[in-house]
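The values are calculated or read from the model by the stated rules, or taken from the named source; none is laboratory data. Quick caveat: nothing in here was measured; it's all calculated off a predicted structure. Here the Cβ is made from the backbone with ideal geometry for all residues, glycine too, and neighbour counts use every protein chain on show.
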Amino acid sequence: MTDEGCSAVTSALKSNPSHLRELNLTGNKIGDSGVKNLSDLLMNTQFKLEKLDLCECSIAEEQCLILTSALKSNPSHLRELNLSKNKIKNTGVNHLCDVLKDSHFKLERLRLSSCKMIDEGCSAVTSALKSNPSHLRELNLSGNELGDSGVKNLSDLLMNTQFKLEKLDLCDCSITEKQCLILTSALKSNPSHLRELNLSWNKLGDSGVKNLSDLLMNTQFKLEKLDLRKCSITEEQCFILTSALKSNPSHLRELNLNWNKLGDSGVKNLSDLLMNTQFKLEKLHLCNCSITEKQCLILTSALKSNPSHLRELNLTGNKLGDSGVKNLSDLLMNTQFKLEKLDLCDCSITEKQCLILTSALKSNPSHMRKLYLNNNEIKNTGVNHLCDVLKDSHCKLERLSLRNCGITDVSSLTQSLTNTKALQFLKELDLRNNIIGDSKQQLIDVLRDSNCKLSVDTDPSPEVPDRVQSQEIPGVQSTKDDML
């Protein structure tokens, strides 16, 4: 929607304001008239909106001023506000801060991701929250530069015992080692409330990792989700972190170490942790961690001894090797192992290894919902083995991704989806970057009236032989490449 459409919606709501509790206009251009009508609505005391999502709505600083002025006049109902991916910058943030300071404003979730804020803006937000700390439970400042003053104010806030934040997202905030030390020190003084922490894409450094590890060892710190993607964590730092988790293992449910080098000692410590029956991890992400075949063997052996909790496993971009694939397959056959999502993209999996994996899945097919095998040489033989899984009446796979797998014929896959119950469950099938030729049309025909979204490529045109072209058909869709 553009200005006119958003204006029509918000104008209509003005005539019947008393019931709406959630409004999501994400990804539309609200425009001046839409913002004006929405602001009139927000000022209406009969309008008791609790959740407002305006992510990526092309809201500028001046429009942010109009919206926040409206919120100031009727502040008591809103509980969730998302202004992410708007260019509100420091000026717009200053107006928002006036609302955040109001004791009648009882916001519980505030998302300001990628709002082009720098030091001054982040400092203003965190300073404003210091004067009204008791309600907020979720704060997302990812993609903004906190700077020294922003980190200082946020740290003061985190130390306040009235501040009971449960979820903190500081991904890609240009946090330095010194700033990380200040933040983690603050958390150490008020550790009991936080449940989710995202510090990904920041350089924690030795002191930051050490302080975070001290925090993880604290039995009062009951963190459930820890995201440290792309934090330049070294083998030694990984050893320190996993050692800390070993001393306080019972709370963590999700661990993301993507794009860090675990090394032998990190893998060994993590494996010890995975074997601990008190450690009930549900999601483990180790994408592009330079894991070797030997290390993969150690990790999967550890999971075999404590298999009942894990639901998601991401080993993308690592070389599993024959022993790693064999151990993982033994794990997949275990009826206590109820994995729902497995990501093995770019793992150098061969046709033979694919046979071993799919044979394992055939023996315990009822739990897997998402399987990603992109960028492996599984070829037609591997697809044929996967078809045996799909034919099983217990198979309830919802997403299957085989992008760039050297596949040239999908007739067996088409037959599997035609003659089994698999199509009742399958929602997404990605076959992009495979030259599947004549068998493609038959698959398209089978899926045309289903609920399954198929991503395929057209054959490159003679004029642009190197360009992959996407084909979109009703019921058959193409999607943009996903970020890792």
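A few remarks follow.
- Within the range 45-67, the set of residues being part of a loop (DSSP other than H, G, I, E, B), of a type outside the set (Val, Ile, Thr) and either within 32 Å of the chain's Cα centre (by Cα) or surrounded by fewer than 17 Cβ atoms within 10 Å (Cβ to Cβ) (or both) comprises Gln46, Lys48, Leu49, Glu50, Leu54, Cys55, Glu56, Cys57, Ser58, Ala60.
- The one condition in (1) at pLDDT 95 or above; (2) in contact with an Asp or Glu (Cβ under 6 Å, 6 or more places away or on another chain) that Gly208 fails to fulfil: (1)
- Exclusive hit being assigned to a loop (DSSP other than H, G, I, E, B) and more than 17 Å from Asn198 (Cβ to Cβ), set Asn248, Asn260: Asn248
- Ser348 vs. criteria in contact with a Lys or Arg (Cβ under 8 Å, 6 or more places away or on another chain), in a loop (DSSP other than H, G, I, E, B), more than 23 Å from Cys287 (Cα to Cα) and of a type in the set (S, T, N, Q): no
- Extreme residue, surrounded by the most Cβ atoms within 10 Å (Cβ to Cβ), among residues of the range 189-234 that are acidic (Asp, Glu) and closer than 25 Å to Gln278 by Cβ: Asp227
- Some residue of the range 200-210 being of a type in the set (Ser, Thr, Tyr) and touching a strand residue (DSSP E or B) at 6+ places or on another chain (Cβ under 7 Å): yes
- Scanning the range 353-400 for residues that are part of a helix (DSSP H, G or I) and among the hydrophobic types (A, V, I, L, M, F, W, C) returns Cys354, Leu355, Ile356, Leu357, Ala360, Leu361, Val383, Leu386, Cys387, Val389, Leu390.
- Single residue of the range 302-320 satisfying the filter (modelled with pLDDT under 95 and among the small types (Gly, Ala, Ser)) that is nearest to Pro365 (Cα to Cα): Ser308
- Leu158 vs. criteria crowded, with 21+ Cβ neighbours inside 10 Å and assigned by TED's automatic domain parsing to the domain that holds Asp206: yes
- Meets criteria (of a type in the set (A, V, I, L, M), closer than 17 Å to Glu145 by Cβ, touching a helix residue (DSSP H, G or I) at 6+ places or on another chain (Cβ under 8 Å) and part of a loop (DSSP other than H, G, I, E, B)) for Ile175: yes
- Condition check for Thr176: over 18 Å from the mean Cα position of the chain (by Cα) and either farther than 28 Å from Leu112 by Cβ or crowded, with 20+ Cβ neighbours inside 10 Å (or both): no
- Residue check, Leu297 within 20 Å of the chain's Cα centre (by Cα) and either among the hydrophobic types (A, V, I, L, M, F, W, C) or modelled with pLDDT of 95 or more (or both): no
- Scanning the range 312-345 for residues that are touching a residue at least 40 places away in the same chain (Cβ under 8 Å) and either part of a helix (DSSP H, G or I) or touching a Gly at 6+ places or on another chain (Cβ under 6 Å) (or both) turns up nothing.
A quick yes/no check of all residues on (1) among the basic types (Lys, Arg); (2) in a loop (DSSP other than H, G, I, E, B); (3) touching a residue at least 12 places away in the same chain (Cβ under 8 Å):
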position	(1), (2), (3)
Ala8	no, no, no
Asn16	no, yes, no
Asn28	no, yes, yes
Pro75	no, yes, yes
